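I have placed the structure first, in the form of structure tokens, so that the comments after it can refer back to it.
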Amino acid sequence: MKEKKSKDQIIEELRQRIAKLEKLEAEHKKVEEALKESEERYRSIVENSHAGILIVGEDYKFIYVNDELCRILKYSREKIIGHDFREFLDEESKQLVADRYIKRQRGEKVPSRYEFNVVQKNGEKRRVEISSTVIKDSAGKVRTVAQILDITERKKAEKEIKHLNLILLAIRKVNQLIAREKDRDRLLSGACDTLIKTRGYYTAWITIFDESGGLVTATEAGLGVKFLPMIEQLKRGELPDCTRKALNQSEIVVIKNPLSICIDCIMMKNCTDGIGTMAVRLEYGERIYGVLHVTVPVEFLIDKEEQSLFKEVTGDLALALYSIELEAERKKTEKELQESEEKYRQLIKISPDAVYVHSDRKIVFVNPAMMEFLGAANPEDLIGKPISDIIHPDYLRIVEERDRNIEQKGERVPLLEEKFIRLDGTMINGEAAAAPLIYQGKPAILVVIRDITEHKRLEQQREKARKEAEFYADVLGHDVGNINQIISGYLYLLENAKDEETRKKNIKGIKKSIEKSKRLAESIKILKTIKDTKIERFDLNKSIERSIKKIKAYFDREIEVKLNIDKKYYVKANDFLDKVFFNIFENSAEYTFHDPVIIDVKTEKKDDFCNIYIHDNGLGISKEKREDIIENLETLSKRTGIGFYLTNKILDRFNGKFEIKDVEKGTEIVISIPVIS
């Protein structure tokens, strides 16, 4: 028979049991707190993601979606959860996504990342990119976890750039056609064909009218026999509204929906949804020749760059028509114009966005995308580093201020463009969003970064193309226009000359202007081909001598060139070097307003370069003008002119350079070219 426990023994046992229960309760509370912290951390990451995040069950229905997915679909979370994901897809995407969903649920291997279309609440389609995987929940049920990025705008930008490149290609080909074709009808027909062959435009047609408004000629591409009724209508003097409007204004006529606007037009039967029309008159000076019409996807119609390029090609064609007209009227003049232009992207692991967490200004977590973003091979390369090691100094103050605001207010902040330092020392651009976070029991900041390097590159590419287009347009409108005006002046004087000597003098002036036009065309051709030319062992001395002979023959003036060449030099160059010397000699002659024009040429070897000093007794170039010229060579300013720009491009191809020196009198230019021993 067991001995009865005393009261004290019973109380002691109770105390021990209570202590054990309290210990178990404390341990359980710690586990609950850790779980809550983990849930909050991952919830913050998910809710702050740039991507739409979703979980789908075995029945096609959404189990979870984050705010970003609701934003993409423009539905509230209540209208998405529990619904079949196929309800939010367009017809062509339903089969694709459902098929891959089923195979992935079965464990079959299918692509984890691909593109398809979703349909928003308002009916608008958006292009998205999905990255997905499957997991099993605690009950063993298969779940599909995915991230979706809205790539509609990126796709639009890519499409726009592709279209603009096609237009630039068409313009280049049209200008090549202009340079060689002297027959008006063949030029217009070829231009229409060229504009649609690159697939920049769907159709193109040109109508030319005489000064009284009568039809002279009409040509098309992409329409064929469908254009014949329009020709008959034009012959009767009946102009469509778009043509009439274009003839009466210099601005482009834009018609976004011809099917609803051009109801009475005979061309309406050739129109389709999504295709708009642009029309603009062909004019040069005060002369209006006709109208160029094109059809183009509606989304490009209102683009200013699209309209600018369209306006430029019409300007090129109008100038060509003017040139052909001028040549026909003035049989004794010969003129060739060439125009050329190069007118111009489980949850955190699969995230395409770079994610990192920092606490006390030190990195405590990075995802694989962040490692890739900064060029790290493993997390240890980044964890523990101060954030100042990865943020460019120019942006550090802004980032520190942003982090202080987050810490003080406890709120997420919007996107901020930053520049980051990769482990190899190179710079990379990104857009970063940040939010407060508790990480491993300590206050921290979550940063999500999107790489915008490609976006920046595309911006730079478009800006470069725009500047090149402006530069060539300026050459066309200014330099060629000046030459034409000079020729017109000489022709007027020639027609009114009363003696043979005066006639010869004016003919000589016309020939000189034609020669200048040919050299301008040659300069543009050199700009097109210089980067592909072969560099060889080239006789510098003979190049200088040839250029001296050419400049003396070109100018009917007294030109004295004093040579101080210390020895025979061979340099890394080619025949284009002659053009450099000629351009500089020509500049000396044009800005020396008295005879004789005195040019001193001296050579000197320094290190592996030959320096050629060219000094004249002309007007000289002010310090402000010199600085302006050098700066504008990089920015393609209209004020630079083609001479210095061509000289700079040629010397750059030879790994050389030129410098305009500060001298008391005249102008001194120093050319440096690598020598060959």
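A cut-off of 5 Å between modelled amide H atoms, ignoring neighbours fewer than 5 places along the same chain, links residue 591 with no other residue. Could you please report the charge total around residue 220, scoring K, R as +1 and D, E as -1 over all other residues with beta-carbon less than 13 angstrom from its beta-carbon? Residues close to residue 220 contribute a combined charge of -1.
Report, in listed order, any pair from 552/661; 74/156; 504/579; 79/162; 552/625 with a Cα-Cα distance greater than 31 Å.
Working: 552/661 25 Å; 74/156 20 Å; 504/579 29 Å; 79/162 38 Å; 552/625 27 Å.
Check vs 31 Å cut-off fails for 79/162.
I need the shape label for segment 354-451. Rule: rounded when a/c is under 1.5, else prolate if a/b > b/c, else oblate, with a, b, c from the alpha carbon gyration tensor. Note, shape of segment 354-451 comes out oblate. Take the Cβ atoms of residue 570 and residue 151, set R0 to 56 Å, and the FRET efficiency comes out at 0.50. Computed 3J(HN,Hα) for segment 376-383, one whole-Hz value per residue from the Karplus formula 6.51 cos²θ - 1.76 cosθ + 1.60 where θ = phi - 60°, is 9, 7, 8, x, 4, 5, 10, 4, glycine and proline marked x.
Cβ-to-Cβ counts within 10 Å put 358, 594, 392 in ascending order as 594, 392, 358, the fewest first. With the simple spin-label model, which puts each label point 7 Å out from Cα in the Cβ direction, the residue 507 to residue 486 separation comes to 2.0 nm. Going through the cross-link list 311/550; 197/311; 182/505; 534/623; 512/567, which pairs have a Cα-Cα distance over 30 Å in this structure? Violating the 30 Å limit, Cα to Cα: 311/550; 534/623; 512/567.
Sorting 418-431, 535-548, 106-119 by their mean Cβ neighbour count within 10 Å, with the most densely packed peptide first, gives 535-548, 418-431, 106-119.
The residues neighbouring residue 493, those whose beta-carbon lies less than 11 Å from its own, together hold a net charge of +2 under the Lys/Arg +1, Asp/Glu -1 convention. Amide H to amide H distances under 5 Å link residue 417 with 432, where only residues 5 or more positions off or on other chains count and H is placed in the peptide plane.
Ordering 549, 226 from the fewest to the most neighbouring beta carbons within 10 Å gives 549, 226.
Residues whose amide H comes within less than 5 Å of that of residue 203, counting only those at least five positions distant or on another chain, are 295 (H built at 1.01 Å from N in the peptide plane). Neighbour counting of Cβ atoms within 10 Å sorts the residues 609, 658, fewest neighbours leading, into 609, 658.
Throughout, read-outs are computed from the coordinates displayed, never taken from laboratory work. Please read all numbers here as calculations on a predicted model, not as lab measurements. Here Cβ is always computed from backbone atoms with ideal geometry, including for glycine, and neighbour counts include all displayed protein chains.
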